[in-house]
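One structure is given here, and the rest of the page talks about it.
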């Protein structure tokens with residue numbers, strides 16, 4: 001992935017970009033350099049904010065329909081139930097737009113088919129176990145769209161940047177993460193890992209907005225300014241996570257996030273790509289259709305108006 005905007009089309013001409021094409025543009029490959037990716041770029045989209053917002057709205061129905069089929073396919077007759085699921089992992093610096101992804105992208109689908117987990121600082125009980133202990137129970141069950149707002153990657157990001165454990169503890173975690181994600185893929189989970197790539201200039205703008213708008217006060221954390229002082233360390237840690245943990249089973253995608261509308265559209269397209277590849281199908285009836293249709297016809301013929 002580089003700075004190119006790609007060649008896909010906006011709503012103004014031929015409609016949204018092909019999701020598979022966009023996934024190819026954003027997927028982390030060998031030799032990727034986070035510092036070389038422009039956070040204000042819009043790979044795979046040549047339109048403006050208006051076109052991007054329109055394409056996001058247009059894609060919401062398609063995403064919802066595919067997610068409903070995935071959910072239904074896990075609840076049909078036992079013999080045909082799917083074991084497939086999707087796990088969206090969203091990482092990024094403070095103010096990168098993680099909440100907006102959950103609200104504007106995931107929020108467009110049926111909530112009963114979503115398992116959302118926002119991981120906070122680990123508790124004393126969680127710290128008494130291995131770092132994946134608190135993660136494993138939240139893996140999505142069959143038919144579900146799982147969302148990790150932050151994740152097990154905090155244990156090679158904030159832990160590394162702040163030296164919360166020695167290097168000999170956090171360094172082996174990259175391989176442990178790859179093993180964990182590989183095991184999820186083996187049981188039918190398609191993993192979509194997104195790093196929302198925001199610039200330090202845009203972060204300052206968003207932090208300032210949180211201090212000037214009463215409806216944003218609740219989002220402001222004084223600790224965000226302290227964390228900002230470690231920007232270079234976080235970029236180094238993200239680079240290591242991207243290059244060490246982007247595997248065929250669980251690739252990373254870097255999404256430029258200075259333009260919120262683009263980031264939301266891009267993540268929607270990545271989820272569409274995952275669901276299109278799964279191609280979930282409506283489950284067959286687990287009852288005799290003709291019998292039930294006959295019973296319904298008889299009920300209609302004999303029922304009094306309510």
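The values are calculated or read from the model by the stated rules, or taken from the named source; none is laboratory data. Only a predicted model underlies this, so the values are computations on that prediction, with no experimental measurement involved. Cβ atoms come from the backbone with ideal geometry, glycine included; neighbour counts cover every protein chain shown.
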How many residues of region 149-185 are within 21 Å of residue 137 (Cα to Cα) and free of Cβ contacts under 8 Å to residues at least 12 places away in the same chain? The answer is 3
Of the conditions (1) touching a residue at least 60 places away in the same chain (Cβ under 8 Å); (2) assigned to a helix (DSSP H, G or I); (3) closer than 28 Å to residue 209 by Cβ; (4) touching a strand residue (DSSP E or B) at 6+ places or on another chain (Cβ under 8 Å), the single one that residue 100 does not satisfy is (4)
Hits in region 161-171 (condition: exposed (fewer than 11 other Cβ atoms within 10 Å of the Cβ) and in a loop (DSSP other than H, G, I, E, B)) = 163, 166
In region 116-160, which residues are more than 23 Å from residue 238 (Cα to Cα), touching a helix residue (DSSP H, G or I) at 6+ places or on another chain (Cβ under 9 Å) and part of a loop (DSSP other than H, G, I, E, B)?
-> 140, 142, 143, 144
Tell me, yes or no, whether region 2-15 has at least one residue that is within 17 Å of residue 267 (Cα to Cα) and either at pLDDT 50 or above or not in a loop (DSSP other than H, G, I, E, B) (or both).
-> no
Assuming residue 192 fulfils every condition listed in (1) touching a strand residue (DSSP E or B) at 6+ places or on another chain (Cβ under 6 Å); (2) under 28 Å from residue 223 (Cα atoms); (3) touching a residue at least 60 places away in the same chain (Cβ under 8 Å) apart from one, which condition is it?
-> (2)
Quick one: which helices (runs of 4 or more DSSP H) sit completely within region 226-306 and have at least 1 residues that are free of Cβ contacts under 8 Å to residues at least 40 places away in the same chain?
-> 231-244, 289-302
Any residue in region 45-57 that's surrounded by fewer than 15 Cβ atoms within 10 Å (Cβ to Cβ): show its pairings with residues that are modelled with pLDDT of 95 or more at Cβ separation under 6 Å, as long as the two are six or more apart or on different chains.
-> 49/261
Residue set 241, 263, 232; condition modelled with pLDDT of 95 or more and touching a helix residue (DSSP H, G or I) at 6+ places or on another chain (Cβ under 6 Å); output residue 241
